[in-house]
Amino acid sequence: MNEQANIATSAGSASNRFEQLSLQQKMGLGAGIAALIALIAGAWMWGQAPDYRVLYSNLSDRDGGAIIESLQQLNIPYKFSDGGGALMIPAENVHEARLKLASQGLPKGGTVGFELMENQKFGITQFAEQINYQRALEGELARSVQSIATVASARVHLAIPKPSVFVKEQQKPSASVVLTLHGGRLLDSAQVSAIVHLISSSVPEMSAKNVTVVDQAGTLLSALQDDHGMGLDTKQVKYVQQIEQNYIRRIESILTPLLGASNVRAQVTASIDFARTEQTAEIYKPNQNPSESSIRSQQSLETLNGSGLSASGVPGALSNQPPVPATAPIVAAPGTTGAESSAQLDNLHKENTVNYEVDRTISHTILPVGMIKRLSVAVVINNRKVTDPKGKVSLIPLSDAEKIQIDNLVKDAVGFDPNRGDSLNIQNAAFNDEKEAIEEVPLWQQPEMIELAKQLAKYLIIAVVMLIVVFKIIKPAFRPLERFEVNDHEAGGETGGAETGISEQDMLAATEGRATGIAGVDSATGQYTPPVAPYEQNLNIARQIAQQDPKVVASVIKDWVNGNE
């Protein structure tokens, strides 16, 4: 009960004190409380505001309207930035929104693809159908080119001639590509070549040399080359650089374990032959061993001339007698057998012709492109560091034996060939150890610290504004109430008239009609200065005090008589 009574007494006292404030103080107190509430609400809303990220940029009007309509259906807030060039949504919804929009076919990129063929009208002419097909093909190619990270947008123009039955009148199609690149980005030769081959492979009978690629600045990106690639291009330059860097790594990797990582410097210049050479040779050689040679053809001929077993004798019956029994001759003529043994041979001729295959060699050689014609190698080696027993470090040149060893190692590492004119130069000298100071990025310039500073600054600003409102507006408005309560206790303790609630100082101020301007504490005396009141109000307060507590009035008059005032 006592606590409830104390609370009720405090509430009543605060209400009485609030009623004693002037209208200006009441308005200031209300404005301070309202400002504090508004500041707290604004800080809470600021802290709860979502972090917006870019969903899509550089959208066409058609795609932008379709995407906004879909975002409204998904209840996803959005806003524009960069002058309307980018559409932004809360960061936690970016990936989900992109997937959902992609399922709806958005954005379409501002180009029309083969979906144009889905809305063909009945009775369309063949010419219009061909035009729609060409537009659809150009749109699909533009979308494919835009998928490259460096390309912001692309336009493709196809020149497809009409087919002809006459061979002489047939023309090849061609294409022109206009690219808009992202700021600060460039396409290398490999990417340009990829775009050229993409376009040429998508249109029948179109060659790569009929495709022209231009950027937004009007720079020709596709350069025509001859069919054999004999011209010097960036690929050949990169190939030379790769060869040289490969030899440098070989030299440094083999000498580093011996001399140290920072004690070897090497440079290699390679002369590369990019000429395409073909050789055909036909060589005839005599047969070394005829017995092992292959026989192409062989011919044998025998001729026999002389008297044989022909009819002879006197015609008549005597000549028709049966032959006498045959008797074997003692010596038969050479080359006769049987009935020929009795024949006399006048001439025997034999011929044998053999043709062997000729030893012939035919070679067709295509020399590879990019052969090394000559190498020039330069190696600089630092002096060797030697530490004496006292711990002093000194640099001494390498000995002749060490130089010869390094020379042999370098020659073996690069495949040194004196027949092709290779040169090697090895120098031993003291290196300059002065190192350039690498400027490190200060901590306050690092992106993570900048982002953290922004977050801290946001909350610091909120805290400072809240403190200003509390100490400059609200607290000065409540200070008179506190002073009134303190004076009541003091007055009640000295005079016993707690029911009056007015101290002796207040009475003096009321009777004298002093006006200090504002309520507060005097910096010189430390005494409380009551708020300003009109003269009539002070006079009424003095009368009330004289009626309720004459002792206070008597004390004041006694002080006047004593000369204190």
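Considering (1) open to solvent by less than 80 Å² (accessible area, probe 1.4 Å); (2) β-branched (Val, Ile, Thr); (3) modelled with pLDDT of 90 or more, say which one Val237 fails and leave the rest.
(3)
Considering only residues that are crowded, with 16+ Cβ neighbours inside 10 Å and among the β-branched types (Val, Ile, Thr), look in segment 62-93 and name the one that is nearest to Pro50 (Cα to Cα).
Ile89
Would you tally the residues in segment 374-386 being modelled with pLDDT under 90 and open to solvent by 90 Å² or more (accessible area, probe 1.4 Å)?
Qualifying residue count for the region: 1.
Output the residue which, of all residues in segment 439-457 that are among the polar types (S, T, N, Q) and open to solvent by 70 Å² or more (accessible area, probe 1.4 Å), is farthest from Ile33 (Cα to Cα).
Going through segment 439-457, the residues among the polar types (S, T, N, Q) turn out to be 445-446, 455.
Applying the additional criterion that residues be open to solvent by 70 Å² or more (accessible area, probe 1.4 Å) yields 445, 455.
Working: Gln445: 40, Gln455: 27 Å.
If we take residues in segment 439-457 being among the polar types (S, T, N, Q) and open to solvent by 70 Å² or more (accessible area, probe 1.4 Å), then Gln445 is farthest from Ile33 (Cα to Cα).
Consider only pairs whose beta carbons are under 8 Å apart and that are at least six residues apart or on different chains; among these, list those whose first residue lies in segment 458-476 and is more than 15 Å from Ile37 (Cα to Cα) and in a helix (DSSP H, G or I) and whose second residue is modelled with pLDDT under 75 and of a type in the set (Phe, Trp, Tyr).
What qualifies is Lys458/Trp46.
Anything in segment 245-261 that is under 32 Å from the mean Cα position of the chain (by Cα) and open to solvent by 50 Å² or more (accessible area, probe 1.4 Å)? List them, or say none.
From segment 245-261, those under 32 Å from the mean Cα position of the chain (by Cα) are 245-250, 252-253, 261; that's our starting set.
Passing the criteria: Gln245, Asn246, Arg249, Arg250, Glu252, Ser253, Ala261.
Going by the structure shown, is Leu187 at pLDDT below 90 and either in a strand (DSSP E or B) or surrounded by 13 or more Cβ atoms within 10 Å (Cβ to Cβ) (or both)? Can you show your working first?
Numbers: at pLDDT below 90: yes; either in a strand (DSSP E or B) or surrounded by 13 or more Cβ atoms within 10 Å (Cβ to Cβ) (or both): yes.
Spelling it out, Leu187 is indeed at pLDDT below 90 and either in a strand (DSSP E or B) or surrounded by 13 or more Cβ atoms within 10 Å (Cβ to Cβ) (or both).
Residue by residue, here is whether (1) assigned to a loop (DSSP other than H, G, I, E, B); (2) within 19 Å of Asn432 (Cα to Cα); (3) free of Cβ contacts under 8 Å to residues at least 12 places away in the same chain; (4) of a type in the set (A, V, I, L, M) holds:
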residue: Lys373; (1), (2), (3), (4): no, no, no, no
residue: Val386; (1), (2), (3), (4): no, yes, yes, yes
residue: Gly391; (1), (2), (3), (4): yes, no, yes, no
residue: Leu398; (1), (2), (3), (4): yes, yes, no, yes
residue: Gln405; (1), (2), (3), (4): no, no, yes, no
residue: Val410; (1), (2), (3), (4): no, no, no, yes
residue: Ala413; (1), (2), (3), (4): no, no, no, yes
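Identify, please: which residue in segment 262-282 is open to solvent by 80 Å² or more (accessible area, probe 1.4 Å) and under 30 Å from Thr365 (Cβ atoms) and is, among those, modelled with the highest pLDDT?
Thr269
Here is a list: Ser222, Ser200, Ser144, Ser153. Which entry is touching a helix residue (DSSP H, G or I) at 6+ places or on another chain (Cβ under 8 Å), surrounded by 14 or more Cβ atoms within 10 Å (Cβ to Cβ) and part of a loop (DSSP other than H, G, I, E, B)?
Step by step, each of Ser222, Ser200, Ser144, Ser153 is checked, and only Ser222 is touching a helix residue (DSSP H, G or I) at 6+ places or on another chain (Cβ under 8 Å), surrounded by 14 or more Cβ atoms within 10 Å (Cβ to Cβ) and part of a loop (DSSP other than H, G, I, E, B).
Which of the residues spanning segment 165-191 are out of contact with any helix residue (DSSP H, G or I) (no Cβ under 8 Å at 6 or more places or on another chain) and closer than 23 Å to Gln134 by Cα?
Selection gives Val165, Glu169, Gln170, Gln171, Ser176, Val178, Thr180.
The values are calculated or read from the model by the stated rules, or taken from the named source; none is laboratory data. Everything numeric in this text was worked out from a predicted model, so none of it was measured. Cβ coordinates were reconstructed from backbone atoms using ideal geometry, including for glycine residues, and neighbour counts include every protein chain displayed. Just so you know, the surface numbers come from the protein's heavy atoms only, side chains and all, with ligands and any DNA or RNA stripped out. Shrake-Rupley method; radii C 1.70, N 1.55, O 1.52, S 1.80 Å.
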